[in-house]
Ligand code: ADP
Ligand code: ADP
């Protein structure tokens, strides 16, 4: 069954940039989908439209049976709580500790106040430590994020998304700033999260070889339009 369906989704910036044009696709629950395409193709716009970090200009985005574009503020907040985001530049509060950054995934993204740590229950802290352990960060729990490597920062980003108990992860170029070895660790974690926890993953990538290796399915986009949609094995070089 589909967890996400886009019907004719378009996004125009200003008066002449059509960043997305009539995007149509469905994603099945638990599927691992990579979105590939050159810089400027509209990949980032696409992911940001899905959880309404930016507003699509037209179309429908059906997530778990409801049209996200029609939700009011309160219901949107509820739906967003089930959609985790992972960013290229991690979007961590670097002066805070690893565990504080993870716990922010529970309080919501506005609560990046220093001192918020006391607001969390022991149970929540335990859960954060547990998730950090699954990501191989058991020795980093109380370090400041600015002491971590890029690959470790991205694992904190993933932990922050996971503590929300998401049904879907949207990952915008999660490995674009990482060396190949750290990139592999991140992709292995994402793949594992999708296959063992059944969490749907939609991952923007510009490396075709990585998409081929990890995806159940690849959606290729160029100039805001879908140019490929299918299994990795049938993909050709020139999309
Ligand atoms: P990608 O993630 O594939 O590199 P983007 O979604 O970032 O592509 O960009 C798609 C198109 O939309 C590009 O032409 C880009 O210049 C334009 N664009 C992206 N963000 C904005 C914005 N905030 N305002 C105006 N144009 C934008
Ligand atoms: P603003 O800069 O407008 O005050 P934020 O930066 O807090 O707002 O977030 C803007 C939007 O981006 C929010 O609606 C939120 O859904 C999304 N967002 C920001 N950071 C994250 C994150 N770490 N995970 C998921 N969504 C995020």
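No lab work stands behind these numbers, since they all come straight from the coordinates. Values in this document were obtained by computation on a predicted structure and should not be read as measured data. Here the Cβ positions follow ideal geometry from the backbone for every residue, glycine too, while neighbour counts run over all protein chains shown.
GNM remark for the chain: springs join alpha carbons under 10 Å apart, and the peak mean-square fluctuation among 124, 60, 100 falls on 124.
Distance between the C-alpha centers of region 159-173 and region 123-157? Whole Å please. Comparing the Cα centres of region 159-173 and region 123-157, I get a distance of 14 Å. Take each peptide in 64-71, 46-53, 130-137, count the other Cβ atoms within 10 Å of every residue, and average; sorted highest first, the result is 46-53, 130-137, 64-71. Evaluating kT/(6 pi eta Rh) at 10 °C and 1.306 mPa s, with the Kirkwood radius of region 1-40 over Cα pairs in the Stokes-Einstein relation, gives 134 µm² s⁻¹.
Angle, helix 98-107 long axis vs. longest principal axis of the chain, Cα atoms, 0 to 90°, nearest 10? Roughly 60 degrees between the two axes. What is the helix-to-structure angle for 180-197, meaning the angle in degrees between its Cα long axis and the longest Cα principal axis of the chain, kept from 0 to 90 and rounded to the nearest 10? Rounded to the nearest ten degrees, it is 90. Helical runs assigned H by DSSP (4 residues or longer) give the chain a calculated mean residue ellipticity at 222 nm of -10000 deg cm²/dmol, each run adding -39500 (n - 2.57) before division by the residue total. In plain terms, if you count all Cα to Cα distances in the chain and split them into 5 Å steps from zero, the share in each step is 1, 6, 14, 18, 19, 16, 13, 7, 4, 1, 0 percent. Using alpha carbons only, how many angstrom separate the centre of region 180-218 from the centre of region 14-52? Between the Cα centre of region 180-218 and that of region 14-52, the gap is 17 Å. Of the three principal axes defined by the Cα atoms of region 151-221, the extents in descending order read 29, 25, 20 Å. Placing dummy labels 7 Å off each Cα toward the beta-carbon, the span from residue 66 to residue 130 is 2.6 nm. Principal-axis analysis of the Cα atoms of the chain puts helix 122-134 at an angle of about 60° to the longest axis.
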